[in-house]
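Please treat every number below as a calculation from the coordinates, not as lab data. Owing to the predicted nature of the structure, the values given are computational and were not obtained by experimental measurement. All Cβ positions, glycine included, derive from the backbone under ideal geometry; neighbour counts span all protein chains shown.
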Amino acid sequence: MPRVSVWFVRAALVYLGAGFTVGTLLLANKGIGFAPALWRWLPVHLELLLVGWFVQLVMGVAYWIFPRFGMSPAARGREGLAWLALGLLNAGVWVVCAGALAGPPALATLGRVAELAAAGAMALNIWSRTRASGISPM
Amino acid sequence: MPPLTRWYIKLSLVYFVAALAASVWQAAGGPLWLTPIYIHLLVVGWITGMIFGVAYWMFPKFSKEQPRGADGLAVATFALLQAGLLLRIVAEPLQAGGLLVLSAVSQWLAGVGFIANTWPRVKER
């Protein structure tokens, strides 16, 4: 697994833990009602799991397993784009969560823009690798 | 494909069909308690179950002796995730608070178990 995928997948696991923890508190609160203010964390639960966990895991695994250009150091295309996507996606998740909890609506928009840019960077990397295997002629 | 992965995938397919059946019921005017069940059948039962099962199978090996990490922990993770989801399906329509708490804790423990077993397998080759 390439280093950038290790970062993607480990970050995804961290968000899985955080998202499940928030979800556990929300569900327990639904069951026994110990802290009504917890419902403000519902958008954070969604963001952590949908973007931080699912989307990030898919991006990291795609970078790892999609067809490569032979065995050269540039076999997985422009690695810088993947690192950029990693940074933008994680910044986006944090900013969206901060916006959902405390910030003005513009903060959530800013976070979404960062996530959009991450998607663009990842698409640029993966697009040319979406083809027959780089090793075999098939 | 290891047996645990087969269990994950087959159950995730069952949840996938069940989730979309629930969505049909919801669209036809189903009860309010159906919404969280529908969503969690889809995102926990189908997507998360599929990910847990495929990651257990395909991620880099932990070691020659324990290629997929601690098998006992992986089985416990599987059981806790399924139990947590099934408890929620039972508890939501009954509004059974204690069962909802049990469901929450069970799913959280499954998440922790998956992270603990998967983290050391996420490594450079």
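For the reader, a short list of remarks on this structure follows.
- Checked against (1) crowded, with 16+ Cβ neighbours inside 10 Å; (2) within 11 Å of chain A (Cβ to nearest Cβ), residue B:53 passes all but condition (2).
- Subset of the range B:101-120 [within 21 Å of residue B:69 (Cα to Cα) and either surrounded by fewer than 20 Cβ atoms within 10 Å (Cβ to Cβ) or hydrophobic (A, V, I, L, M, F, W, C) (or both)]: B:108, B:109, B:110, B:112, B:114, B:115, B:116, B:119, B:120
- Where a residue in the range B:1-24 is within 19 Å of residue B:75 (Cα to Cα) and its partner, wherever it lies, is crowded, with 18+ Cβ neighbours inside 10 Å and among the polar types (S, T, N, Q), with Cβ under 9 Å and at least six apart: B:7/B:82; B:11/B:82; B:12/B:48
- Tally, over the range B:93-105, of residues that are in a helix (DSSP H, G or I) and either at the interface with chain A (Cβ under 9 Å from one of its Cβ atoms) or basic (Lys, Arg) (or both): 9
- Subset of the range B:1-25 (residues that are under 25 Å from residue A:48 (Cβ atoms) and of a type in the set (S, T, N, Q)): B:12, B:23
- Filter result for residue B:75 (assigned to a helix (DSSP H, G or I), within 13 Å of chain A (Cβ to nearest Cβ) and either loosely packed, with under 15 Cβ neighbours inside 10 Å or not aromatic (Phe, Trp, Tyr) (or both)): no
- So residue B:49, is it under 23 Å from residue A:22 (Cβ atoms) and small (Gly, Ala, Ser): yes
- Test result for residue B:125, out of contact with any Gly (no Cβ under 7 Å at 6 or more places or on another chain), farther than 16 Å from residue A:13 by Cα, at the interface with chain A (Cβ under 8 Å from one of its Cβ atoms) and in a loop (DSSP other than H, G, I, E, B): yes
- Qualifying residue in the range B:13-28 (condition: of a type in the set (Phe, Trp, Tyr), under 18 Å from the mean Cα position of the chain (by Cα) and closer than 25 Å to residue B:116 by Cβ): yes
- Some residue of the range A:24-31 being under 29 Å from residue A:78 (Cβ atoms) and within 10 Å of chain B (Cβ to nearest Cβ): no
- One residue from A:57, A:48 being within 9 Å of chain B (Cβ to nearest Cβ) and at negative phi: A:57
- Flag if residue A:15 is closer than 18 Å to residue A:81 by Cα and either within 21 Å of the chain's Cα centre (by Cα) or more than 11 Å from chain B (Cβ to nearest Cβ) (or both): no
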